[in-house]
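Working notes, beginning with the structure itself.
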Amino acid sequence: MRLNSSYLVISGWMLLLSIVSPCVMSQTLSISGGQGKIYPDFEHRIDAMVMIKDLSAASELSIDANGLKVEWFEYYNKSYSPQFHTTPLYIGNQPAINPEDHCGYLVKRSGTVNGVPYSDEISVFVINYTQYVPAEVQVVPLDDAQAASCTLIELELTGNFPGMSYATPNGLSYPVERELNLEYETLEWKDQWVSKPVRLTVVPDNGKIQVFNPPLKDTYFTLKGDQYARDLGLDGYSFGSALYAARKVECKITTEATVRTEKHEVDRPEQVTAVSGSAPLEILFKSNGNEPVANYYNWTITAGDELLLSRTDATHTYTFSKAGTFLVKVRAENAYCSFTDSITVKVAESAINAPNVFSPNGDGINDEFRVAYKSIIEFHCIIYNRWGSKLYEWTDIQKGWDGTQNGKPVHEGAYFYVIRARGSDDIVYNLKGDINLLRGKQ
């Protein structure tokens, strides 16, 4: 059975293995003659992985017997053929052995504890790390159809990148995964594109690394590793690539609406960020692609299935003169990739309302006869007196009647208006009514 509590010591320092036996008995497994680190319950397959910095003939792997009989067995040796021993090879009953690189061991103890029969078995695999340090490795972005997919690129590690593996007592072999740090730069959108460093933890697979979010700018890839080098106090290693020419495209639509300040207009665009309001709604659209990677644009504006516009400029201005909901899209692309961003613009339905009283007395309150409106694109109003004589007319809906004729104030009383207007939704308005002019005190 496996012991459930043990301490492992390498070169004078101790690491707790979280296993405690039914007998609540502790044991010490140690190695001398080489700095290293122990990884308990390694991948839940063996009890301990021992990674040695410099394994030599003077290195010893030992266990504290605690009064029990100790037996060592070798179940795997990379130098043998076959490497896996169907029946573990007995080494001896001494407390220590001279371990070899890339070998698996079983250490068994038996005897009695407090008068109770006891036995345990621990599986340990030993690797001499310095035998597997990569050298003269290059990081090469693969230039193939997969790389051109714009969602995934592959980096190939060329040169001497030796693999590490370990075996379990039941004869199965597994790779030792090296966690490497991959560093490069991309772009991040923060109201504009800014450079962003990226650091990923990656594990090579058959000498290749997949990057599922390719960079948006030309960059260098740097590979640094690995966790075992860092744990052993080594400087590790660093390998770089040639300059990678980015292919992935992204764009972000930003807008600038033409602001209107006429207080009688309802739903007017009051801020440059407005993407809804009354017509005519004029908006400047910017594509904001990750140039120079993105080098072509196509804009479309649709209302339902109807195509209203198709343009190929990076920026453009469009005036929405009809009510409705509009989908604005831009596709940014290059020879390899494309990306589409979109926004929705809503233009209000038309409306117009005329007041029935105004007081042109110069107090700054209701001094003109003006209509309240939204999404009105054509307007014509005529003011008549009670005898049907025309006093005033105008076609600018943002203006009104100040209660004068030929520059002279008219008398208080009832007057009449006739309005003809057309909304952005093609609704035609024919309004007639009376308006009371009250001057009051000035």
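Flag set for LEU180, criterion: surrounded by 13 or more Cβ atoms within 10 Å (Cβ to Cβ) and under 29 Å from ASP218 (Cα atoms). Checking the structure you have, find out if any residue of segment 299-314 is of a type in the set (Asp, Glu), touching a residue at least 12 places away in the same chain (Cβ under 8 Å), closer than 30 Å to GLY163 by Cα and out of contact with any Leu (no Cβ under 8 Å at 6 or more places or on another chain). Checked against the condition, which is being of a type in the set (Asp, Glu), touching a residue at least 12 places away in the same chain (Cβ under 8 Å), closer than 30 Å to GLY163 by Cα and out of contact with any Leu (no Cβ under 8 Å at 6 or more places or on another chain), segment 299-314 yields no hits at all.
Filtered by the rule that a residue be acidic (Asp, Glu) and buried (at least 18 other Cβ atoms within 10 Å of the Cβ), segment 39-58 gives a lone residue, ASP47. Within segment 183-217, if we keep just the residues that are of a type in the set (D, E, K, R) and modelled with pLDDT under 95, the residue that is surrounded by the fewest Cβ atoms within 10 Å (Cβ to Cβ) turns out to be ASP191. Do we have any residue at all in segment 257-269 that's more than 15 Å from VAL347 (Cα to Cα) and among the small types (Gly, Ala, Ser)? Checking segment 257-269: not a single residue is more than 15 Å from VAL347 (Cα to Cα) and among the small types (Gly, Ala, Ser).
So which of ASN430, ASN366 ends up being without any contact (Cβ under 8 Å) to a residue 60 or more places away in the chain, outside the structural domain of LYS286 (by TED's automatic domain parsing) and part of a strand (DSSP E or B)?
ASN430
Quick check, is LYS263 surrounded by 15 or more Cβ atoms within 10 Å (Cβ to Cβ) and not hydroxyl-bearing (Ser, Thr, Tyr)? In short, no.
If I filter segment 143-171 down to residues being of a type outside the set (Gly, Ala, Ser), in a loop (DSSP other than H, G, I, E, B) and in contact (Cβ under 8 Å) with a residue 12 or more places away in the chain, which single residue comes out as nearest to ASN334 (Cα to Cα)? Across segment 143-171, the extreme among qualifying residues is CYS150.
The values are calculated or read from the model by the stated rules, or taken from the named source; none is laboratory data. Note that the coordinates shown come from a computational prediction; the quantities given were computed from them, not determined experimentally. As a convention, Cβ positions derive from the backbone with ideal geometry for all residues, glycine included, and neighbour counts pool all protein chains shown.
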